[in-house]
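The values are calculated or read from the model by the stated rules, or taken from the named source; none is laboratory data. Treat the numbers as computed from the prediction; the structure is a model and nothing was measured. No Cβ is skipped: glycine too gets one built from the backbone with ideal geometry, and neighbour counts run over all protein chains shown.
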Amino acid sequence: MKTQFEHVSVLLEEVVDFAPEATQAILDCTLGGGGHSKRLLEKFPEATLFGIDRDGFAVKASTECLQRYTAQTRLNQANFSDLPSIFSKLGEPLFDYIVADIGLSSEQLARPERGFSFMQEGPLDMRMDPDHQQITAANLLNNAGEQELISILRNYGEERFARKIVGKILASRHIKPLESTTELTELISSSIPRKLQKKGLNPATLTFQALRIAVNNELQELEDLLKQAPLRIKSGGRLAVISFHSLEDRIVKQQFRKWENPCVCPTDLPYCICGKKSLGRVLTRRPVNASKKEVADNPRSRSAHLRVFAFEKTVS
């Protein structure tokens, strides 16, 4: 079993470059191994950094990575939905820069015992916070009803073969409970005709994504973060979000557009009567993607999309 936490932060320089000048307060919502936080503190050595991660291993690794900055960092194990209570304990801070790297870390994928990867044998776990979460992927697969499983695979994985895969799951669990990642991977592969499997994409990819999102309530957590951000950002502050699949990216893109242009008046009205005011502007009309060099060095960065919003007013 691995003992060292290993995580490569994606779009590292791009995230740092988007930070507002003279940044004094930073919130890193997904500490990982502390990579983004460390580079931001190197650029802004006088800044205060607040950081959270729902994975206790990540918080421990970040604490070690940021030892040099102990006096100016406040790190906690928490979900996005826990932010209001954390802010209350910390005195309701406001931030110049909020950063969130959504999704799995390379560390989580590399540990077979976490059950996130279809490339390695491991238990069907997939919990980002095993200390506090009860429901595992195995619990869902072995106990959820047919329609619930189909809905999970379709809504969270956009899996076109959801019904066939679920049919195989139901038949398999009738004989014995599903227990391992390789067991599930083989079942999925046998459910999708080989000629219809996408080249370069493991057939288990979308199902594993869907189960992970369901187990960790990831999309609702992202919505919670986007609700909190405008309340916690200073005028002139920025929010940077890195996502790794279309569901998350779509949520971020649509919310940024609403913040920039919240008016809901009919288009044929000569002027706005709804009273909704813009919070600022989108700095990334198209998502920022990893360079060819970064993709070569870290293949995981291939699917990373960075979007940044600049707030021009404080929301009270």
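Among helices (runs of 4 or more DSSP H) entirely within the stretch 204-304, having at least 3 residues that are aliphatic (A, V, I, L, M) and either surrounded by 15 or more Cβ atoms within 10 Å (Cβ to Cβ) or outside the structural domain of Val166 (by TED's automatic domain parsing) (or both) singles out 205-216, 218-232, 246-260. Within the stretch 187-203, how many residues turn out to be in a loop (DSSP other than H, G, I, E, B) and touching a residue at least 12 places away in the same chain (Cβ under 8 Å)? Number satisfying all stated conditions: 3. Looking only at residues in the stretch 112-159 that are buried (at least 20 other Cβ atoms within 10 Å of the Cβ) and among the basic types (Lys, Arg), which one is nearest to Leu211 (Cα to Cα)? Checking each candidate, the answer is Arg127. Residues that are touching a Ser or Thr at 6+ places or on another chain (Cβ under 8 Å) and at pLDDT 95 or above were ranked within the stretch 94-111; the one that is surrounded by the fewest Cβ atoms within 10 Å (Cβ to Cβ) is Leu94.
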